[in-house]
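> Pasting a structure below so you can have a look.
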Amino acid sequence: DSKIKTFSVEEGLPHSYIVDMFEDQNKNLWIGTMAGLVKFEKGILNESFMQNKYSEAVVGPICEDKNNTIWFGTYGKGLYQIKDNKLVRYTNENGLLSNSIIVLCADTRGGLWVGTDNGLNYLINGMVKSYNEKNGLSNNSIQCLYKDDQKRIWVGSENGIDIFQNEQ
């Protein structure tokens with residue numbers, strides 16, 4: 001006999017529609033919803049990251065980099081980094097190709113690959129690099145990212161796969 005426990009708005013979720021889930025190195029479960037981000041910490045729903053700054057945001061992909069920093073993308077409001085329990089926001093004003101983040105992938109160098117609906121960005125050491133059809137990508141609509149054990153980044157788009165060697 002298995003028992004099913006359901007969590008919804010009544011139990012503290014900002015929205016019942018779940019977009020993504022991610023477990024970090026500390027075994028916390030991050031949950032992206034249609035109305036923001038929440039964290040299960042030690043089995044307890046923690047709402048400390050529900051702030052007006054992004055509580056209206058649809059939270060999509062969630063990722064952790066090699067420095068144990070949590071990142072999450074939104075559909076239309078950019079990319080967020082949780083640093084020292086504060087939010088740092090990145091948008092097209094900071095060099096992102098789009099504020100609609102489709103997929104995230106952290107690499108072994110400490111960088112973050114950001115797939116958007118308008119190309120691919122790479123964030124490392126405060127710099128933002130951009131890749132799109134103008135400089136070699138086969139398509140700007142990035143659908144998925146994969147890091148293999150040979151330090152290659154595989155980029156899936158609406159027009160096939162592009163491969164970055166040595167994470168660069």
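The values are calculated or read from the model by the stated rules, or taken from the named source; none is laboratory data. Only a predicted model underlies this, so the values are computations on that prediction, with no experimental measurement involved. When we count neighbours, we look across all protein chains shown, and the Cβ atoms used for this are built from the backbone with ideal geometry, even at glycine. These accessible areas exclude ligands, DNA and RNA; they are computed on the full protein's heavy atoms, side chains included. Shrake-Rupley method; radii C 1.70, N 1.55, O 1.52, S 1.80 Å.
> Between Lys66 and Glu158, what is the label-to-label distance in nm when each label sits 7 Å out along the Cα-to-Cβ direction?
Each label point lies 7 Å from its Cα, and together they span 3.4 nm.
> Something else now. Which whole-Hz ³J(HN,Hα) couplings does the range 137-149 yield from phi under the Karplus relation 6.51 cos²θ - 1.76 cosθ + 1.60, θ = phi - 60°, glycine and proline marked x?
Karplus values, whole Hz, x for Gly and Pro: 5, 6, 7, 7, 8, 7, 9, 7, 9, 9, 9, 9, 7.
> So, for the range 1-143, what is the accessible surface per residue at a probe of 1.4 Å, expressed in square angstrom?
54
> Continuing with this model, one more query. Please identify, among Gly32, Gly126, Gly111, the residue showing maximal mean-square fluctuation in a Gaussian network model of the chain using a 10 angstrom Cα cutoff.
Gly126
> Right, another one. What pairs in Lys3/Lys42; Lys3/Lys151; Lys42/Lys77 have C-alpha atoms more than 31 Å from each other?
Over 31 Å apart, Cα to Cα: Lys3/Lys151.
> Let me ask another. Using a/c under 1.5 as the rounded threshold, could you call the range 1-45 rounded, prolate or oblate? The axes a ≥ b ≥ c are square roots of the C-alpha gyration tensor eigenvalues, and prolate needs a/b larger than b/c, oblate otherwise.
Because a/c hits 1.5 or more and a/b fails to exceed b/c, the range 1-45 counts as oblate.
> Compute the relative contact order of the range 27-168 as a whole-number percentage, counting only Cα pairs closer than 8 Å that sit 6 or more residues apart in sequence.
For the range 27-168, the relative contact order is 13 percent.
> What residue among Thr33, Thr69, Thr116 shows peak mean-square fluctuation when the chain is described by a Gaussian network model with Cα springs under 10 Å?
Thr69
> Hey, any idea what % of the range 71-161's accessible area is carbon plus sulfur with a 1.4 Å probe?
With neighbouring chains kept in place, the figure for the range 71-161 is 42 percent.
> Which of these, Phe22, Phe40, Phe72, has the largest mean-square fluctuation under a Gaussian network model of the chain (Cα springs below 10 Å)?
Residue with maximal mean-square fluctuation among Phe22, Phe40, Phe72: Phe40.
> Let me ask something else about it. Which parts of the range 73-96 would a label at Lys134 reach, counting a residue when its backbone N lies under 18 Å from a point 7 Å out along Cα-to-Cβ?
Zone members listed by number: 91-96.
> Label Lys5 and Asn26 with points 7 Å out from Cα along Cα→Cβ: what is the distance between them in nm?
2.0
> Loop-only GluC sites (Glu not before Pro) in the range 63-168, please: DSSP not H, G, I, E or B, and at most 12 other Cβ atoms within 10 Å.
Filter output for the range 63-168: Glu158.
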